[in-house]
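One structure is given here, and the rest of the page talks about it.
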Amino acid sequence: MAKVLMKGNEAIAESAVRAGGLLYFGYPITPQSEIGEYLARRMPEVGGCFLQIESEVAVANLLYGAAGAGARVWTSSSSPGISLMMEGLSYIAAAELPCVVVNIARCGPGLGGILPSQGDYLQAVKGGGHGDYHCLVLAPSSVQEAVDLMPLAFDRADRYRNPVIVLGDGMIGQMMEPVEFKEHNFPPLPPKDWATTGCKGRKPNVINSLYLDPVEEEKLNFKLAAKYEEMKRKEIRFEEMETDKPYQVLLVAYGTTARVCKTAMQRLRADGINTALLRPITLFPFPEDRVYELAQRAEFVLTVEMSTGQMVEDVRLAVGRTRPVYFYGRTGGIVPSPEEVVETVKNHLRR
Amino acid sequence: MSRISATGSSEVTVNGVRWINAEEFFAGLGRVNIFVGGYGSGKSEVAVNFSLSLAARGQKVSIADLDIVNPYFRSRAARAVLEKNGVGLILPPVEIMESDLPLIQPEIAGALKNATSRLVLDIGGDPVGAKVLASLVQWLPGDDYNCFLVLNSRRPFSGSVLEVEKLIAGIEQSSGVGITHLVINSHLIEETERAVIEEGIELGKAVSKKTAKPIGFVAIEDRIFEKLATVDLPYPVLVLHRLLLKPWEENEKLGPRCFKL
């Protein structure tokens, strides 16, 4: 198929449709409303269902019900809407149901504004809802990567029977880039023999997250924990740049800010300063071992985010006290500029 | 397919914006110039470059950002460059500029009636964005306007005659304004190749044949234009300089800070 020019939001919607995500529930919110708008037009063409429902709370419960019935389901929203879904997401994780949740984050907290932010990192990575659970979290840095991660998100949701979050920000959702849709081949998935598809001729399947017996509840928690450990072994993804040469500074950034860092790295190189970049693609599980290894070759680590410092907590956990870990962030919807990153690197080198 | 060649044609360059073969086009240009089109077709980029080129020709011109559907990459993002180059701005108040409210500035009516200045209207995408025009139709100056449909054949729902016809009908119905010209703006940003532009022109010709709406001009980004060896088109060409950049993109002519959220 020829390349097309798409907004991140449209591309995510099209890629999900091609990955068989034909059941979408949502409620509009800037800066991701184009996802719903695109699907309202596209779903009837492919026999799918776009349903705008009364609130994000309802969305989460629809995901629970439809996933429980064995459908490939997904939703998208932006920060405040995602917060409303958190109770349901905890139930979905507890009931071990597969679904994909796309968060095109906007600045906050509270109602905030409509401009981009990475302030939802901790919510996405550390739980968000109540109880001991994790979502697999994928963070695209380009429109093409958003396209490529959607089929993976659906596959891993089914494989782990766990919610997968695709965490972008307003810039990823709104910017346009050329994209192509490739075929993705994953190994066959196990049958959904747990789904509530009608129990004629078999024992009823029950989808629930109520455990009044502490022993049973603990069993579930240990089972979930084992699943997250398996993700840590198998699912860590990241991109490295310039790590094959000597460097003074290791930059760690994901999504939009990684793009800013790449431009900053070129400028720094022109000024005779060598930097390397580690860009996590999975935020949970976090590439902690690789961050540690790469940090050892640098004088210091600089994490750049559109927040007051969230992923930097995981970077510091990985690096420990072996190297200084500095942070640079902008908020309020302001994207750090390449020159700000350049200046920050130079300032720390001067110290 | 027409060979594209700039040789032997009239050329005017200002602010990195260039027009080729445009003298006749400018002679017949209306006072009010409206840019409509599909979502993400490049209306704002074209409208901003168009305004700059009018100002550079010594004309008094204002631009109104009437995008009520798109939250980012609107022409208001280029306000510093526009202002610096003498283009009047009709924009929402600064404190609510970065919102997604459907804001229509009251001074727009006055600007539409003001016969001493040209006006460029940057309208939001799709029929839903074009709705804003319906409230302004009453002030449009008779025949003294052009309504340009910006077309990028590589955008979703814009790749076939049927889809473009549907788009035209939708925009005309919701705005109450007839589209007078097509603007061919087929591109894939930095990945644009000659074939993409040619494909856009072919689609434009087919749409033109079906709808009797002529091709007003072809827009080609400067970096792409410079790579095309020969260019010879029977249409005016606007060689545009991208101004609505992503925060990490470099703009060597204007410096990296020209687009800042």
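The values are calculated or read from the model by the stated rules, or taken from the named source; none is laboratory data. On a predicted model such as this, the values are computed, not experimentally measured, just so you know. Note that each Cβ is placed from the backbone with ideal geometry, even for glycine, and that neighbours are counted across all protein chains shown.
Considering region A:162-219, and only residues there that are farther than 30 Å from B:Arg154 by Cα and basic (Lys, Arg), the residue that is nearest to the other protein chains (Cβ to nearest Cβ) turns out to be A:Lys192. Give just the number: which of (1) crowded, with 16+ Cβ neighbours inside 10 Å; (2) closer than 30 Å to A:Pro324 by Cα does A:Asp244 not satisfy? Against the list (1) crowded, with 16+ Cβ neighbours inside 10 Å; (2) closer than 30 Å to A:Pro324 by Cα, A:Asp244 comes up short only on (1). Restricting A:Glu87, A:Glu56 to residues that are under 23 Å from A:Gly170 (Cβ atoms) and in the same structural domain as A:Ala19 (by TED's automatic domain parsing) narrows the list to A:Glu56. All of A:Ala71, A:Ala105 fail the test of being over 29 Å from B:Leu101 (Cβ atoms) and modelled with pLDDT of 95 or more, apart from A:Ala71. Scanning region A:324-351 for residues that are in a loop (DSSP other than H, G, I, E, B) and either surrounded by fewer than 16 Cβ atoms within 10 Å (Cβ to Cβ) or of a type outside the set (Lys, Arg) (or both) yields a total of 9.
For the criterion of being modelled with pLDDT under 95 and more than 14 Å from chain B (Cβ to nearest Cβ), A:Arg323 fails. On the basis of being modelled with pLDDT of 95 or more, assigned to a strand (DSSP E or B) and of a type outside the set (D, E, K, R), does A:Gly173 make the cut? It is false that A:Gly173 is modelled with pLDDT of 95 or more, assigned to a strand (DSSP E or B) and of a type outside the set (D, E, K, R). Regarding A:Tyr27, is this residue in contact with an Asp or Glu (Cβ under 9 Å, 6 or more places away or on another chain), buried (at least 20 other Cβ atoms within 10 Å of the Cβ) and either closer than 24 Å to A:Asn208 by Cβ or not assigned by TED's automatic domain parsing to the domain that holds A:Thr256 (or both)? For A:Tyr27, the condition - in contact with an Asp or Glu (Cβ under 9 Å, 6 or more places away or on another chain), buried (at least 20 other Cβ atoms within 10 Å of the Cβ) and either closer than 24 Å to A:Asn208 by Cβ or not assigned by TED's automatic domain parsing to the domain that holds A:Thr256 (or both) - is met. Among the criteria (1) modelled with pLDDT under 95; (2) under 21 Å from A:Val73 (Cβ atoms), the one A:Glu183 does not fulfil is (2).
Evaluate the following for A:Val342: is it under 23 Å from A:Ser142 (Cβ atoms), at pLDDT 95 or above, among the hydrophobic types (A, V, I, L, M, F, W, C) and within 19 Å of the chain's Cα centre (by Cα)? So A:Val342 does not fit the description; no. Scanning region A:292-323 for residues that are closer than 13 Å to A:Ser117 by Cα and buried (at least 18 other Cβ atoms within 10 Å of the Cβ) gives A:Val304, A:Glu305, A:Met306, A:Ser307, A:Gln310, A:Met311.
Note on region A:44-59: residues that are within 14 Å of another protein chain (Cβ to nearest Cβ) and more than 18 Å from B:Gly159 (Cβ to Cβ) amount to 1. If you check A:Lys203, A:Lys227, A:Lys192 for being assigned by TED's automatic domain parsing to the domain that holds A:Val125, buried (at least 16 other Cβ atoms within 10 Å of the Cβ) and assigned to a loop (DSSP other than H, G, I, E, B), only one passes: A:Lys192.
The requirement of being buried (at least 19 other Cβ atoms within 10 Å of the Cβ) and farther than 22 Å from B:Tyr72 by Cβ is satisfied by A:Gly21.
For region A:198-234, a residue qualifies if it is of a type in the set (Lys, Arg) and more than 13 Å from A:Tyr133 (Cα to Cα), and the qualifying residues are A:Lys200, A:Arg202, A:Lys203, A:Lys219, A:Lys232, A:Arg233, A:Lys234.
Yes/no matrix, rows are residues, columns are (1) surrounded by fewer than 18 Cβ atoms within 10 Å (Cβ to Cβ); (2) within 14 Å of another protein chain (Cβ to nearest Cβ); (3) over 15 Å from the mean Cα position of the chain (by Cα):
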{"site": "B:Arg154", "(1), (2), (3)": "no, yes, yes"}
{"site": "B:Gly159", "(1), (2), (3)": "no, yes, yes"}
{"site": "B:Ile179", "(1), (2), (3)": "no, no, no"}
{"site": "B:Val183", "(1), (2), (3)": "no, no, no"}
{"site": "B:Leu188", "(1), (2), (3)": "no, yes, yes"}
{"site": "B:Glu193", "(1), (2), (3)": "yes, yes, yes"}
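For region A:1-41, what are the residues that are touching a Leu at 6+ places or on another chain (Cβ under 7 Å), within 12 Å of chain B (Cβ to nearest Cβ) and outside any helix (DSSP H, G or I)? Across region A:1-41, the qualifying residues are A:Lys3, A:Leu5.
Out of the residues in region B:96-113 that are surrounded by 17 or more Cβ atoms within 10 Å (Cβ to Cβ) and not acidic (Asp, Glu), which is nearest to the other protein chains (Cβ to nearest Cβ)? Checking each candidate, the answer is B:Ile108.
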